[in-house]
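Colleague: Once you've had a glance at the structure underneath, I'll fire off some questions.
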Amino acid sequence: MDKQGVYLGPRLRRLRKDLGLTQANMASDLEVSPSYIALMEGNQRPVTAEILLRLARTYKLDMASLADDSLPDLVARLQTALKDPLFADIDIAPLEAADVLTSFPGFGEALLRLHTAYKEGQFALADRRQAAAEGAGEDPGDPVAAVRSFLAARHNCFPALDSAAERLAGVVAEAGGLVAYLDSRHALRVRRLPASVMVGSKRRLDRHRREVLLEETLDGASQTFQLAQQIAYLEMDEEIDRLVRDAALNSESSRRLAHRALAGFFAAAVLMPYTAFARAVDARRYDIEALSRQFSTSFEQTAHRLTTLQKPGQERIPFFFIRVDMAGNVSKRLDSAGFPFARHGGGCPLWSLHQVFSTPRQLVTQWLELPDGQRFFSIARTVRSGGGAFGVARVERAVALVCEGSQAERLVYHSPQQPVVPTPIGITCRLCQREQCTARSQPPIGRQILPDHYRRTEAPFGFSD
């Protein structure tokens, strides 16, 4: 360690706030002046080895907790955002982005969120233009689209809920599990009942009998998730309502969907607490199946949770998550990776996401390349819901996690010895200009189709220059 100390201003400020301390409180604990704390937090004074030892001794800290391993990822994200044509006339050196994030990580995160909101607006505009070009009016009151935009604009990250869930997870563990916690904290008994009694419900709160009722064919991961989500409704309703109000959603349906999504976020955070889960992610190199077994969660729940690890200062790889059925209908989509695929309707059949139904439960990896040259790494597999007894309907869907190609080497699924041969895909046929694609179902917008009186191309359409 440098004898002169290191500059840890933002991390020291975040630590102080996490501990619920004022600058005066921390100054008293460390036997320094409040002004010295202010100078260290402002990176105007280094944190010396002596102060680091006092921090560790006073607050029982692991010294490694003050390290910031996420800085390279944040710098890469900010540099990617700054390549947007919006900033083309501003000369920003790469080192400037690193300097901003080192000294002012909150400002950098704010800029990234604003840029995400800007991209959301651009995508929404593209949606409207495509709908107009195809002669179909877009429903401005689509609650699902509104909630997806709400989640994407925040990188599917809600630090207040994560922190509350992490605290609750410790209390639940001490109580002996979710069932025991519901009994001791809320005087609620958990019962499992046949589907015929539940009448189409997976979970139901019977306040009169003080019971939480679960449909008995739910598997273990689904049962624990439903109990955790019920706790979210019992204990976190006010905080979730505040987040939904801040979203300024324009319909009651979208507000209810957002509330349900945030309750689900909280439930997943209870089952997979942020700090423990993030450490396990690093140790297992994002091995989804291994993580699901460690935390007793399903493959889909675990993959979904990986998209939420964007807590400022503790970020992991940003992922795009999508779930589709055999007909290609998108039933869930979460984006913290800036992956533009499937935002404008339709999908590309060259992506293995649409092919894994032929190899159930087998994980398939694939390199993808968009028309603009961006490369992404995809992990796809089928998942099943329902069932649990003879004659009970099952639903087979496919899920995929996608990250930027530059992040792939951090995944257990990536083999450095295997050559990268990306599959060229498009966002959707109407926005893809690849002329030779034999999988094309529609011509791209703005291209004139050639007649085939004398020549028939292998691709479904021939285009003029």
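Every number here is computed from the coordinates shown, using simple stated rules; none is lab data. Given the structure is predicted, the values throughout are model-derived calculations rather than measurements. Positions of Cβ are backbone-derived with ideal geometry, glycine not excepted, and every protein chain shown enters the neighbour counts.
Colleague: Counting other C-beta atoms within 10 Å, which of 224, 365 has the fewest, and how do the rest follow? Please report the intermediate quantities before stating the final value.
Modeller: On the way: 224 23, 365 16.
Fewest-to-most ranking of 224, 365: 365, 224.
Colleague: Okay, moving on. Note down the relative contact order for the range 9-66 as a percent, whole number, built from C-alpha pairs under 8 angstrom at least six residues apart. Present the calculation step by step, with values, prior to reporting the outcome.
Modeller: Details: 41 pairs, mean separation 18.9, N = 58.
That works out to 33 percent.
Colleague: Between residue 361 and residue 17, what is 0.36 nm times their sequence separation minus the Cα-Cα distance? Round to one decimal in nm.
Modeller: On the way: separation 344, 0.36 × 344 = 123.84 nm, distance 4.40 nm.
Separation in residues times 0.36 nm, less the Cα-Cα distance, equals 119.4 nm.
Colleague: Mind giving me the FRET efficiency for residue 80 and residue 210? R0 is 56 Å, r the Cβ-Cβ distance, nearest 0.05 is fine. Intermediate values should be presented prior to the final figure.
Modeller: Working: r = 52 Å, r/R0 = 0.93.
The pair residue 80/residue 210 has a calculated efficiency of 0.60.
Colleague: In nanometres, what is the gap between the two model label sites at residue 327 and residue 455, each 7 Å from Cα along Cα-to-Cβ?
Modeller: 4.0 nm
Colleague: Return the long-range amide H neighbours of residue 190 (sequence gap of 5 or more, or a different chain), with a cut-off of under 5 Å between placed amide H atoms.
Modeller: Here the answer is 212, since their amide H atoms fall under 5 Å of that of residue 190.
Colleague: Per 0.36 nm of contour for each residue apart, how much would the distance between residue 96 and residue 245 grow if the chain were fully extended, relative to their Cα-Cα spacing? Don't skip to the answer; put the middle values down first.
Modeller: Numbers: separation 149, 0.36 × 149 = 53.64 nm, distance 3.58 nm.
Result for the pair: 50.1 nm of gain on full extension.
Colleague: When only Cα pairs under 8 Å and 6 or more residues apart are kept, what is the percent relative contact order across the chain? All intermediate terms of the calculation are to be shown ahead of the outcome.
Modeller: Details: 639 pairs, mean separation 51.1, N = 465.
For the chain, the relative contact order is 11 percent.
Colleague: So how strong a dipole does the chain carry about its Cα centre when Lys and Arg Cβ are +1 and Asp and Glu Cβ are -1, to the nearest 20 debye?
Modeller: Details: 58 positive and 54 negative charges, 243 e Å.
It comes to approximately 1160 debye.
Colleague: Let me ask you something else. Can you bin the range 9-66 into rounded, prolate or oblate? Criterion: square roots of the alpha carbon gyration tensor eigenvalues sorted a ≥ b ≥ c, rounded for a/c under 1.5, prolate for a/b above b/c, oblate for the rest. Please list the in-between numbers first.
Modeller: Values: a/c = 1.27, a/b = 1.18, b/c = 1.07.
The shape class here is rounded.
Colleague: Any chance you could run the full-extension gain for residue 290 through residue 87? It's 0.36 nm times the residue separation minus the Cα-Cα distance, nm to one decimal. Mind dumping the intermediate values first?
Modeller: On the way: separation 203, 0.36 × 203 = 73.08 nm, distance 4.16 nm.
68.9 nm is the gain from fully extending residue 290 to residue 87.
Colleague: Here is a further query. If I compute Rg and Dmax of the Cα atoms in Å from the structure I just sent, which labelled value in [x] 33.2, 101; [y] 24.5, 84; [z] 24.9, 88 lines up?
Modeller: [z]
Colleague: Averaging sequence separations of C-alpha pairs under 8 Å and six or more residues apart, then dividing by the length of the range 243-381, give the relative contact order as a whole percent.
Modeller: Working: 121 pairs, mean separation 15.1, N = 139.
After rounding, I find 11 percent.
Colleague: Also, quick follow-up: Determine ³J(HN,Hα), in whole Hz, for all residues of the range 34-43 in sequence, where each value follows from phi through the Karplus function 6.51 cos²θ - 1.76 cosθ + 1.60 and θ = phi - 60°; x replaces Gly and Pro.
Modeller: For the range 34-43, the Karplus-derived couplings read x, 5, 5, 4, 4, 5, 5, 5, x, 6 Hz, x marking Gly and Pro.
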